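In what follows, a single structure is set out as C-alpha cells and then discussed.
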Amino acid sequence: MATKIILIDDHKLFREGVKRILEFEPSFRVVAEGDDGSSALQLVEQFRPDVVLMDINMPYSNGVETTAELLKHFPDTNVIILSIHDDENYVTHALKSGAQGYLLKEMDSNSLIEAIKVVSAGGSYLHPKVTHNLVEEYRRLIKETSNRLSDKVIEYRKPLHLLTRRECEVLQLLADGKSNRGVAEALYISEKTVKNHVSNILQKMNVNDRTQAVVTAIRNGWVEVI
C-alpha cells in the first residue's frame, strides 16, 4: 500500500515543489495539503495519513505547537518538521513535541524521500547538517562534564568487537555529519552499499537511528571527537 502523506506549509509554491517531487515516487501518495495548524488537525482527522510534512513557521500555530497538539489526538501519526533553522534549540523543541523527523528546506529530493520511508517505517530521521550540530552540542556537554568530574580523557578505540572495519569507517563519517552520499563519496562506494552498512550498524548497536548510533559511539569513545 502507498504511504499516505499530508503536506502542511503556508507557502504554496514550496508545497507544489515538494508535491511534485513526491509524485515521482510510486509508493507515495499526497492525500491532502494545508497551510496552517488548524487545517493540519482537520486533515489528519479526515485522511489519517502515515506521514505529515509540517512547516515549522506558520501563522496562528507554529509547527512545533501543532505537532504536539496533533499527537495528543492522533498518537500514531508520524510527523516530519520542515524548517530553515539548523539551530539545535529548534531541533530539540521539535523532537520534544513528538516529531519523528527534522529536515532543512535546503534538502535534496533523495533526502526527502529517504526521510519519509524511514519515518513511515517507525524510525527517526534528521537532516545530516542538523545531526552534525546536535552531535557538536553533545560533544561540548560531554567535554564540560569530563572536565568537571575528571581529567581523564576517553580513549578512542574502534568497536571491532561489534562492527567490521568498514562499518567503523562508516560510523566515524556519520559522526562527522556526513550524509549517505557524503559517506559514499568518501569511501568510493555506492549509496546503496552505505545504506546496507548503516542498517547493519543500527542493528548491531541496537539503536533506532543514526543519531542514537553517533551519540552512543561518542559516549563509548568509538569515534574520534575533534
Reported set for the range 75-99 where residues are crowded, with 16+ Cβ neighbours inside 10 Å and part of a loop (DSSP other than H, G, I, E, B) is Thr77, His85, Asp86, Ser97, Gly98, Ala99
The helices (runs of 4 or more DSSP H) lying entirely within the range 100-182 that contain at least 1 residues which are at pLDDT 85 or above and open to solvent by 80 Å² or more (accessible area, probe 1.4 Å) are 109-120, 165-175
Keeping to the range 203-218, report how many residues are open to solvent by 40 Å² or more (accessible area, probe 1.4 Å) and either in a loop (DSSP other than H, G, I, E, B) or in contact with a Cys (Cβ under 6 Å, 6 or more places away or on another chain) (or both). 2
Could you look through the range 33-74, keep only residues that are modelled with pLDDT under 90 and part of a loop (DSSP other than H, G, I, E, B), and pick out the one that is surrounded by the most Cβ atoms within 10 Å (Cβ to Cβ)? Met58
Val198 - would you say it is in a loop (DSSP other than H, G, I, E, B), within 20 Å of Ala121 (Cβ to Cβ) and touching a helix residue (DSSP H, G or I) at 6+ places or on another chain (Cβ under 7 Å)? no
Subset of the range 9-28 [in a loop (DSSP other than H, G, I, E, B) and open to solvent by less than 30 Å² (accessible area, probe 1.4 Å)]: Asp9
Quick one: would you say Asn62 is without any contact (Cβ under 8 Å) to a residue 60 or more places away in the chain and farther than 17 Å from His127 by Cβ? yes
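The values are calculated or read from the model by the stated rules, or taken from the named source; none is laboratory data. Keep in mind the model is a prediction, meaning the values are calculated, not measured. Note that we place each Cβ from the backbone using ideal geometry, even for glycine, and neighbour counts take in every protein chain shown. Note: areas computed on protein heavy atoms with side chains; ligands, DNA, RNA excluded. Shrake-Rupley method; radii C 1.70, N 1.55, O 1.52, S 1.80 Å.
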